[in-house]
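This report refers to the structure that appears directly beneath it.
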Amino acid sequence: MRTRAVRRNAAQAPAATSVDLARLAADSPEAALQRLGASAAGLTEADAAARLKRFGPNRIGRQGQPPIIVEIWRRLRNPLNALLLALAAVSWMLSDVRSAVVIAVMVVLSVGLGFVQEHRSSAAAAKLASMVRVHVSVRRPGATGADADGFLEAPLDDLAPDDIVRLAAGDLIPADLRLLSAKDLWVDQAALTGESLPVDKTSDAVETSETDPFALANLCFMGATVTSGFATGVVVATGPATCFGQLAHKIVAIDAVSSFDKGVARFVWLMVRFILVMAPAVFLINGLTKHDWLAALFFAVAVAVGLTPEMLPMIVTVNLARGAIAMSKKRVIVKRLDAIQNFGAMDVLCTDKTGTLTQNRIIMKLHVDVEGHEDDRVLTYAYLNSRHQSGLRNLMDEAVIEHVEQEGHADADDGWEKVDEIPFDFQRRRLSVVMRRPGEAPLLVCKGAVEEVLAVCRRFRLGEAAGDLDAGRLTRIQRVAHRLNRNGFRVLAVACRVFEAAKTRYEPDDETDLELLGFVAFLDPPKETAAAAVAALQDAGVAVKILTGDNDLVTRKVCHEVGLKVTRLVLGHEVDGLSEAELAEVAETAQVFAKVSPAQKARVIAALQQRGHVVGFLGDGINDGPALKAADVGVSVDTAVDIAKESAAIILLEKSLAVLKDGVVEGRRVFANIVKYIRMGASSNFGNMLSVLGGSILLPFLPMAPLQVLTNNLLYDFSQTAIPTDHVDAEDLARPRRWEIGNITRFMICIGPVSSIFDYATYFTMLYVFGAWHDPALFQTGWFVESLLTQTLIIHIIRTARIPFVQSRASLPLVLTGLVVCAVGIALPVTPLGGALGFKPLPSLYWPIVATFLVSYAVLTHLVKTWFIRRWGIA
C-alpha cells in the first residue's frame, strides 16, 4: 500500500530541477553534459564547495536539531499546556490572580524542565547518529586521495549538482542522475515506484513519450539502490530538489508506526478513557452536591490534568537518549531512538555467519583441479577474475589477490587486457570477466558458487587433457567440492571459455558451454568469542538463527565449532516450496537457513514475526537490504554497504555478537525504566480517581482545591524526572520485555485501590480526629501532604519486584528528588506560599499518624505487588 501510494504521486512528481528530464534523457551522454553545463572531468573541490553553498547539503529528512525557539514552541503547543494556559487566562479574567500565576508557573516549569532534558539528550543522540555516514565515489580532479580516474570517497551530504559519481553494486543512488556510462546496471526502485523487481538501466539516449520520469532508462533517482553492475553519472539534482525530496513528506506520512509508539499510544488512550469518564463525573457530582458549578469546573479540569501522564513524552525521550549514549560507549550507535525498545524486546536474532560467528578474515588455502589436486592454472584464472572485475569486490576476491601477490606469482596477469565484464547478481551467483592478450582469442573466466557454475559447464579440464562433463564425472567433481565443504572450506568454482570471434559486449547468455578448471577454497576461522557470545544471547532469551547464502556443509561445521546446536537446517529451494503458514512452522524450529536469497531471508523473518516473535537481523551486504527492512530492528555495521547502513536502525562499530548482547541489555534497561513510570502513573492515577470520586460524594466541600491538585501533580512529576537514571534489577534484564497493556491495566486495578485505602483513612482522620468537617483548608492540607508523601514513596515500592530499600535501591538522583519533594510537601503548609495556596499548619498529632500510614502503605503495597507478580508476572 505504501509503495502504491508513492507510485501514484511519482507520476505527477515535478521535475527535480529546472532541467527537462525527458529532454535530458533524449540526449546522448555528451549532449546531456552540454545541456547541464557540466564536464565529464567532474568538479574541482572549489567548484563543489561553491555549489554546495548555493544548493545546500544533499540531505533529506535529517536536517539536524531545530532552533531552540522551535523546540520550545513544540513543547508549549502541547494540548495539556494549552489547557493549562486557558485555565490561567480564565482565572485571570475572573480576578483569581493567584490561580493564574500558579498555573502559569506550572506551565513554565513543565516546559522548561522537559526542554532542558530533552534538548541535551537529543543533541547527544543526534551527534552519535552522525557518526554513521554514507559515502559516495565522486570525481574530484587533483584532489588529495583521488585514484587514477580522479574518484575519491566523499560524504553523501557533500554531493553537488554537476558532480560526476561512480556506482557499483550495493551503492545507494546518491542523487538524481543522468547516466553517462553503464554496464549491466540493475537498479531497485521499489522505494520510489513499488516495482517488485530491479530495472535495467542504460546510458544510451532514450526517445520516448513517457511522462513518468522513473520510467526513463538512463535516469537514476535518489532513494533507489544498485543491485548489480556499475556505472557513472552526472548529478542533476540534490537534496530537497530531487524527486525523492519532493515526495519525502508523502512517504513519511505513510510510514508504519513502530511497536514502541503503538505501546505508548495504547497506554495514553487508556488514561484518556479514564479522564473522559472521570472529569465529567467529578464536575457533575461536585456541581450537584456543592452548588458551585464554576469551582466544580475548575476542580474537574485540575483532576483531568492530574490524571494525564504529561511527563511521559519527556520520560520516554530522555530514557531513549540516555540509552543511546550508554550504548555508544559499548560501540553500538542508535540511528532511530525508538529502535532501542525493539532491541530490548528482541527474542530472535537472525544473522549471517560471516563476520559474526567467523572472523571475517578470509584466507585462501587451496587451488585445486577437478580431482582435488593443486593446480596453478586454477589460481591464475581465479586471480584474473578477481583482479579485473570492477563490481562489488568481496573478501574472497581480496583473499585471492593477496594470496597471489604474497606467493609471488608475478606472471599471473601477464599481458592480459580486460574486454568486458558480466557482473555478479544474486540469481546467477557468479561473475565473469572477458580478457584477451594481443593476437589471441577472447577468454571468459567465470568464478562463483559451485552449483551455479557447474550448471553452465559442458566440459572439464584436468592437466592438459579435457573431457565432457557427463553424469559420472559430474558426481565425482561434486564429491570433491563436498569434501572441501565438510572440512570447513568455502568453495568457489572456476571455469573458462574461449571465443572464436571477438565481441565488444558480453551478456549472461555468453556464460554457456564453459570448461570447468577446478576450485579455490577459503577458510574463515570462527571467532574465539563466538561460542561465549551465542551462549550469552541464548541465556538472555534470544534465539540465534543463521540465514546465509553459503552452503549447508560449511554452515553446519561453523555452527558446531561455536556451540550452536543445529537440529534442523533448511535450504533456500525448500523455502520456496513452503506456504506462509508452513514456513512459519518451519522457522520456529529450524536454526539454520542455508543457500537463501535476499527475498527468502525476508520471508523467513516475516514468518517468525507471524509467530509473535520480535525479530532482529544483523547484516552488512547488499543481499541483506530486504531482511534489514523486514526485521523489527535492523542491525548493521559501520563497514557495511550503503544500503545496509541506511536500512538499519542500529549500527555496530564492531561486528560481534558480544557487542550485540551488550546493546540488547541496554535496550531492556531503557524499556524497564519507561515501564516504571507507566506503572507508577497508571496505579497512582487510578487510586486518585477512586479517592476523588469518594471525596466528592462524601464531603460538603472540595477534597482539594484546584490549585492544590495542580501543585500536587507538579511536585509528583518532578519526583519522577530522575527515573531515567535509575538502576534496573538483574531479573528485568534477563529476558526480553514487550508492551503488555493488559498486564499494566491489571496492575493498575490491583495497586491503585491500595492508595485509596490510605486516602480514605486520611479522610477519616481529618474529619473525626481533627474535626475538619467545617475547616476545608485543614482537610485539604492533610490530604495534600498524605497524598504527596504516599505517591512519592510508591515510586520506590513499584520500581522493583524485590524488597525495596533492602534488596534493591533506587539511584541517588531518584532518591534525592524524592527527598526534596517530600521536604517541600511537609514544609509548604507553614510557608507564605502555602498560605497563598490555601494551606494551613497541621496539628502535631497528624505526623505520627501519617508516618504510620506510610509504613503500612509501603508494606501492604509490597505484599499486593508480590502477589501480583506471582499471579501474572511483572507488568
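The values are calculated or read from the model by the stated rules, or taken from the named source; none is laboratory data. Everything quoted here is computed from the prediction, not taken from an experiment. No Cβ is skipped: glycine too gets one built from the backbone with ideal geometry, and neighbour counts run over all protein chains shown. Remember, those area values only see protein heavy atoms, side chains included, never the ligands or the DNA or RNA. Shrake-Rupley method; radii C 1.70, N 1.55, O 1.52, S 1.80 Å.
Within the stretch 159-190, restricting attention to residues that are outside any strand (DSSP E or B) and modelled with pLDDT under 90, the residue that is farthest from the chain's Cα centre (by Cα) is 169. The residue of the stretch 274-323 that is surrounded by the fewest Cβ atoms within 10 Å (Cβ to Cβ), among those that are among the polar types (S, T, N, Q) and assigned to a helix (DSSP H, G or I), is 289.
Restricting attention to the stretch 138-154, the residues being under 22 Å from residue 56 (Cβ atoms) and surrounded by 15 or more Cβ atoms within 10 Å (Cβ to Cβ) number 6.
The set of residues in the stretch 456-489 that are farther than 20 Å from residue 375 by Cβ, open to solvent by 70 Å² or more (accessible area, probe 1.4 Å) and either in contact with a Leu (Cβ under 7 Å, 6 or more places away or on another chain) or modelled with pLDDT of 95 or more (or both) contains only 486.
Per-residue answers, yes or no, for (1) assigned to a helix (DSSP H, G or I); (2) closer than 15 Å to residue 788 by Cβ; (3) out of contact with any strand residue (DSSP E or B) (no Cβ under 6 Å at 6 or more places or on another chain):
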{"residue": "829", "(1), (2), (3)": "yes, yes, yes"}
{"residue": "833", "(1), (2), (3)": "yes, yes, yes"}
{"residue": "843", "(1), (2), (3)": "no, no, yes"}
{"residue": "853", "(1), (2), (3)": "yes, yes, yes"}
{"residue": "860", "(1), (2), (3)": "yes, no, yes"}
{"residue": "863", "(1), (2), (3)": "yes, no, yes"}
{"residue": "866", "(1), (2), (3)": "yes, no, yes"}
{"residue": "870", "(1), (2), (3)": "yes, no, yes"}
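Restricting attention to the stretch 579-607, the residues being touching a residue at least 60 places away in the same chain (Cβ under 8 Å) and either touching a His at 6+ places or on another chain (Cβ under 6 Å) or open to solvent by less than 30 Å² (accessible area, probe 1.4 Å) (or both) number 4.
Of all residues in the stretch 826-842, those satisfying the criterion of being without any contact (Cβ under 8 Å) to a residue 12 or more places away in the chain and open to solvent by 70 Å² or more (accessible area, probe 1.4 Å) are 830, 832, 833.
Yes or no: residue 724 under 19 Å from residue 813 (Cβ atoms), modelled with pLDDT of 85 or more and either hydrophobic (A, V, I, L, M, F, W, C) or surrounded by 22 or more Cβ atoms within 10 Å (Cβ to Cβ) (or both)?
yes
If you check residue 703 against the conditions, is it open to solvent by less than 20 Å² (accessible area, probe 1.4 Å) and over 30 Å from residue 662 (Cβ atoms)? Yes: the conditions hold for residue 703. Yes or no: residue 774 modelled with pLDDT under 95, open to solvent by 40 Å² or more (accessible area, probe 1.4 Å) and touching a Lys or Arg at 6+ places or on another chain (Cβ under 8 Å)? Here the answer is no, as residue 774 does not meet what is asked. Evaluate the following for residue 733: is it under 30 Å from residue 294 (Cα atoms), open to solvent by 20 Å² or more (accessible area, probe 1.4 Å) and either aliphatic (A, V, I, L, M) or touching a residue at least 24 places away in the same chain (Cβ under 8 Å) (or both)? Taking the combined requirement at face value, the residue does not satisfy it. In this structure, is residue 492 in contact with a Phe, Trp or Tyr (Cβ under 8 Å, 6 or more places away or on another chain), farther than 30 Å from residue 416 by Cα and either assigned to a strand (DSSP E or B) or open to solvent by less than 30 Å² (accessible area, probe 1.4 Å) (or both)? It is false that residue 492 is in contact with a Phe, Trp or Tyr (Cβ under 8 Å, 6 or more places away or on another chain), farther than 30 Å from residue 416 by Cα and either assigned to a strand (DSSP E or B) or open to solvent by less than 30 Å² (accessible area, probe 1.4 Å) (or both). Each residue in the stretch 33-52 was checked for being in contact with a Leu (Cβ under 7 Å, 6 or more places away or on another chain) and more than 16 Å from residue 177 (Cβ to Cβ), and 0 pass.
Out of 445, 434, 378, which single residue is assigned to a helix (DSSP H, G or I), in contact (Cβ under 8 Å) with a residue 24 or more places away in the chain, open to solvent by less than 60 Å² (accessible area, probe 1.4 Å) and aliphatic (A, V, I, L, M)?
378 is the lone residue from the list that is assigned to a helix (DSSP H, G or I), in contact (Cβ under 8 Å) with a residue 24 or more places away in the chain, open to solvent by less than 60 Å² (accessible area, probe 1.4 Å) and aliphatic (A, V, I, L, M).
Number of residues in the stretch 800-825 that are part of a loop (DSSP other than H, G, I, E, B) and surrounded by 13 or more Cβ atoms within 10 Å (Cβ to Cβ): the value is 7.
Looking at the stretch 620-634, can you tell me whether even one residue there is open to solvent by less than 10 Å² (accessible area, probe 1.4 Å), within 30 Å of residue 428 (Cβ to Cβ), assigned to a helix (DSSP H, G or I) and modelled with pLDDT of 85 or more? Checked against the condition, which is being open to solvent by less than 10 Å² (accessible area, probe 1.4 Å), within 30 Å of residue 428 (Cβ to Cβ), assigned to a helix (DSSP H, G or I) and modelled with pLDDT of 85 or more, the stretch 620-634 yields at least one hit.
Kindly indicate whether residue 271 is assigned to a helix (DSSP H, G or I), open to solvent by less than 40 Å² (accessible area, probe 1.4 Å), at pLDDT 80 or above and not β-branched (Val, Ile, Thr). In short, no. Taking every residue in the stretch 508-534 that is more than 20 Å from residue 365 (Cβ to Cβ) and pairing it with any residue that is outside any helix (DSSP H, G or I) and polar (S, T, N, Q), at least 6 positions away or on another chain, the pairs with Cβ-Cβ distances below 6 Å are 511/432. Applying a threshold of 7 Å to beta carbon distances and a minimum spacing of six or more residues, or different chains, the list of pairs starting in the stretch 470-493 at a residue that is within 16 Å of residue 455 (Cα to Cα) and ending at one that is among the basic types (Lys, Arg) and surrounded by fewer than 21 Cβ atoms within 10 Å (Cβ to Cβ) is empty.
In the condition set (1) in a helix (DSSP H, G or I); (2) surrounded by 22 or more Cβ atoms within 10 Å (Cβ to Cβ), residue 757 is compliant with all but (2). Taken over the stretch 339-359, the residue count meeting the criterion of being assigned to a loop (DSSP other than H, G, I, E, B) and in contact with a Leu (Cβ under 7 Å, 6 or more places away or on another chain) is 2.
On the stretch given as the stretch 337-354, residues that are open to solvent by 10 Å² or more (accessible area, probe 1.4 Å), at pLDDT 75 or above and charged (D, E, K, R) total 2.
Does the stretch 520-531 contain any residue that is out of contact with any strand residue (DSSP E or B) (no Cβ under 7 Å at 6 or more places or on another chain) and open to solvent by less than 10 Å² (accessible area, probe 1.4 Å)? Yes, that holds for at least one residue.
All of (1) crowded, with 19+ Cβ neighbours inside 10 Å; (2) in contact with a strand residue (DSSP E or B) (Cβ under 7 Å, 6 or more places away or on another chain) hold for residue 40 with one exception: (1).
Total residues in the stretch 210-243 satisfying the condition of being in a loop (DSSP other than H, G, I, E, B) and either at negative phi or in contact with a His (Cβ under 9 Å, 6 or more places away or on another chain) (or both): the figure is 11. Selection of the stretch 647-669 for residues being assigned to a helix (DSSP H, G or I), among the small types (Gly, Ala, Ser) and closer than 13 Å to residue 633 by Cβ yields 647, 663, 667.
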